[in-house]
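Notes to accompany the following structure.
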Amino acid sequence: MIEAERALPGREHAIAVPERHFVLANPIAPPFPEGLERAVFGMGCFWGAERMFWEADGVWTTAAGYAGGFTPNPTYEEVCSGSTGHAEAVLAVFDPARTGYEEMLRIFWEGHDPTQGMRQGNDTGTQYRSAIYWHSEDQRKAAEESRAMFATRLSAAGYGDITTEVAQAGPFFYAEEYHQQYLAKNPNGYCGLGWTGVSCPLGLAAGGGA
């Protein structure tokens, strides 16, 4: 991981994104309606991760972006260089009257292999790390409890240690327009998530490519 003092300087202005979600038709950027909650996760390639959440009940909108780094308003190329400190991340905005943060965590854990360190499948680099970025003490507690629970289940299934980063959420920087809802616009597009050809030991058949 790059250190803050060596990270790229970035830019002042945010990258422009579409006003509305390609699938859900709701805005993808704030302000969001009162009462909704946010969850941010790094799961490897954000294309497949975003699809998992927009397909979930109770999710109001989603977005692909960058989190956990130092460079303000980074570009995709800058993030891929490893010089910003960011992970590719997905933002899920959900209605707590219809679903909960625990369900968001279930999708996260069962949707990727959190034992691979700085990669996910064939995608390698610090931007593909597994991460949970919490927004409240309740989310932090739920994230840490779920991490411990899934670590036990993965160990029993013969997997290594979980490498997931659990940290307080900082700024979420939106990715470029063509990344937003990519797999809805490109149904046969690449998705590097899943359990590399084996059954997910956590209960869900994690999605691979479309």
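The values are calculated or read from the model by the stated rules, or taken from the named source; none is laboratory data. Model, not experiment: these values are computed from the prediction. Positions of Cβ are generated from backbone atoms using ideal geometry, with glycine treated the same way; all protein chains shown enter the neighbour counts. Accessible surface is based on the protein model in full, side chains and every heavy atom, while ligands, DNA and RNA are left aside. Shrake-Rupley method; radii C 1.70, N 1.55, O 1.52, S 1.80 Å.
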*Could you tell me whether any residue of region 187-206 is modelled with pLDDT of 85 or more and not in a loop (DSSP other than H, G, I, E, B)?*
no
*Search region 126-149 for residues being surrounded by fewer than 16 Cβ atoms within 10 Å (Cβ to Cβ) and not polar (S, T, N, Q), and hand back the single one that is nearest to the chain's Cα centre (by Cα).*
HIS135
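Filtering region 79-99 down to residues that are of a type outside the set (Ser, Thr, Tyr) and more than 19 Å from TYR182 (Cα to Cα), which residue is most open to solvent (accessible area, probe 1.4 Å)? Walk me through how you get there before you give the answer.
As a first pass, look at region 79-99 and keep what is of a type outside the set (Ser, Thr, Tyr): 79-80, 82, 85-98.
Next, only the ones that are more than 19 Å from TYR182 (Cα to Cα) stay: 82, 85-86, 94-98.
Details: GLY82: 24, GLY85: 3, HIS86: 2, PHE94: 1, ASP95: 46, PRO96: 57, ALA97: 91, ARG98: 162 Å².
Of everything passing the filter in region 79-99, ARG98 is most open to solvent (accessible area, probe 1.4 Å).
State which residue is farthest from LYS185 (Cα to Cα) when the search covers only region 28-64 and only residues that are open to solvent by 30 Å² or more (accessible area, probe 1.4 Å) and not in a loop (DSSP other than H, G, I, E, B). Please lay out each step first, then the result.
Step one: filter region 28-64 for residues open to solvent by 30 Å² or more (accessible area, probe 1.4 Å), giving 29-38, 47, 51-52, 55, 57, 60.
Filter once more, so that each one left must be not in a loop (DSSP other than H, G, I, E, B): 37-38, 47, 51-52, 60.
Details: GLU37: 26, ARG38: 24, TRP47: 11, ARG51: 11, MET52: 15, TRP60: 19 Å.
Filtering first and then ranking leaves GLU37.
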*Pairs only if they're at least six apart or on different chains, beta carbon under 8 angstrom, first in region 3-22 and under 25 Å from TRP47 (Cβ atoms) and in contact (Cβ under 8 Å) with a residue 40 or more places away in the chain, second charged (D, E, K, R) and assigned to a loop (DSSP other than H, G, I, E, B); list them, first residue then second.*
ILE15/GLU176; VAL17/GLU176
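Looking for whichever is part of a loop (DSSP other than H, G, I, E, B), of a type in the set (S, T, N, Q) and more than 19 Å from ALA169 (Cα to Cα) here; the options are THR115, THR84. Which one fits? Break it down into steps so the answer makes sense when it comes.
Details: THR84 fails: more than 19 Å from ALA169 (Cα to Cα).
None of the others qualify; the one that does is THR115.
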